[in-house]
Amino acid sequence: MQPGQLIVITGPSGVGKGTLVRHLLTRFPNLYLSVSATTRPPRPGEIEGEDYYFLDRPSFEEKMAAGEFLESAEYAGNYYGTPQSAIAAQLATGQTVILEIELEGARQVCQSFPEARRIFILPPSFEELERRLRDRGKDSEIAIARRLERAREELAASEEFPAQIVNDDLETALDAIEKIIFSR
Ligand SMILES: Nc1nc2c(ncn2[C@@H]2O[C@H](COP(=O)(O)OP(=O)(O)O)[C@@H](O)[C@H]2O)c(=O)[nH]1
Ligand SMILES: Nc1ncnc2c1ncn2[C@@H]1O[C@H](COP(=O)(O)OP(=O)(O)O)[C@@H](O)[C@H]1O
């Protein structure tokens, strides 16, 4: 059997990655979304094993040292990482796997999976990105400031990615992502 495609979706916090991925999974329930591990505390409503595997720092560092992550990065004061074994198992059965991760992690995946399809999601403008982060209402002022600071660095790296999609109109962005995922 042909191994499955690995799709990496990256872009600054608040650009709409999670929203886009949720819609994709509704349209195409066969896509497999990797569940990451993080040391960030759960937001209200987030579910262990569904949104993230929530770990304390020592447990995360132990898993990192044991090589259990395909990639990992520190972002806005917390660790995030992609568990290796689930991805390998899914790809081996021909499944298309989606990673929704930040820039450092996306760069690491490029090293280990050069054939991965890498998509950078851009906001219509920096002001709109800030508005989306604030209107989402999920992060403290400090967390928003850290995300915006990081966003400037991430946006400056968008050209490293072969596909760049502006998430202005959601449907238009979804169509563009689908073309990349399902093209041969
Ligand atoms: N490198 C890496 N980044 C991740 C992983 N999981 C999530 N992220 C990214 O970490 C950043 C912060 O995630 P989160 O705290 O959930 O905030 P949100 O994406 O703004 O809702 C986002 O850019 C996520 O895409 C992962 O496994 N590895
Ligand atoms: N195309 C869009 N137009 C307007 N608002 C959007 C669009 N896509 C996402 N949003 C909103 O922007 C906010 C951030 O989206 P989210 O998916 O949480 O971003 P990310 O996962 O990249 O941090 C959410 O409130 C979401 O509803």
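Numbers below:
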{"item": "Any hit, segment 31-52, residues being of a type in the set (S, T, N, Q) and closer than 23 Å to Arg132 by Cβ", "result": "yes"}
{"item": "Of all residues in segment 169-184 being acidic (Asp, Glu) and in a helix (DSSP H, G or I), the one that is surrounded by the fewest Cβ atoms within 10 Å (Cβ to Cβ)", "result": "Glu171"}
{"item": "Residue check, Gly45 part of a loop (DSSP other than H, G, I, E, B), among the small types (Gly, Ala, Ser), surrounded by fewer than 16 Cβ atoms within 10 Å (Cβ to Cβ) and more than 9 Å from ligand 1 (Cβ to nearest atom)", "result": "yes"}
{"item": "Index of the failed condition, Arg107 passing every other in (1) outside any helix (DSSP H, G or I); (2) touching a helix residue (DSSP H, G or I) at 6+ places or on another chain (Cβ under 9 Å)", "result": "(1)"}
{"item": "Verdict on Glu71 being open to solvent by less than 80 Å² (accessible area, probe 1.4 Å), of a type outside the set (A, V, I, L, M, F, W, C), outside any helix (DSSP H, G or I) and within 13 Å of ligand 2 (Cβ to nearest atom)", "result": "no"}
{"item": "Sole residue being within 11 Å of ligand 1 (Cβ to nearest atom), in contact with a Ser or Thr (Cβ under 6 Å, 6 or more places away or on another chain) and modelled with pLDDT of 95 or more, chosen from Gly11, Gly81", "result": "Gly81"}
{"item": "Hits in segment 116-132 - residues which are out of contact with any Pro (no Cβ under 9 Å at 6 or more places or on another chain) and aliphatic (A, V, I, L, M)", "result": "Ala116"}
{"item": "Residue among Leu129, Leu148 that is within 22 Å of Val8 (Cβ to Cβ), of a type in the set (A, V, I, L, M) and in a helix (DSSP H, G or I)", "result": "Leu129"}
{"item": "Flag if Thr19 is among the β-branched types (Val, Ile, Thr), open to solvent by 20 Å² or more (accessible area, probe 1.4 Å), within 14 Å of ligand 2 (Cβ to nearest atom) and in contact with a Leu (Cβ under 9 Å, 6 or more places away or on another chain)", "result": "yes"}
{"item": "Boolean, Phe60 is open to solvent by less than 80 Å² (accessible area, probe 1.4 Å) and within 8 Å of ligand 1 (Cβ to nearest atom)", "result": "no"}
{"item": "Arg134 vs. criteria of a type outside the set (Val, Ile, Thr), away from ligand 1 (no atom under 13 Å from the Cβ), without any contact (Cβ under 8 Å) to a residue 60 or more places away in the chain and assigned to a helix (DSSP H, G or I)", "result": "no"}
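The values are calculated or read from the model by the stated rules, or taken from the named source; none is laboratory data. No experiment lies behind these values; they were computed from the predicted model shown. Heads up, the Cβs are rebuilt from the backbone with ideal geometry, glycines too, and the neighbour counts pull from every protein chain shown. Quick note on the areas: whole protein, heavy atoms, side chains included, nothing else; ligands and nucleic acids left out. Shrake-Rupley method; radii C 1.70, N 1.55, O 1.52, S 1.80 Å.
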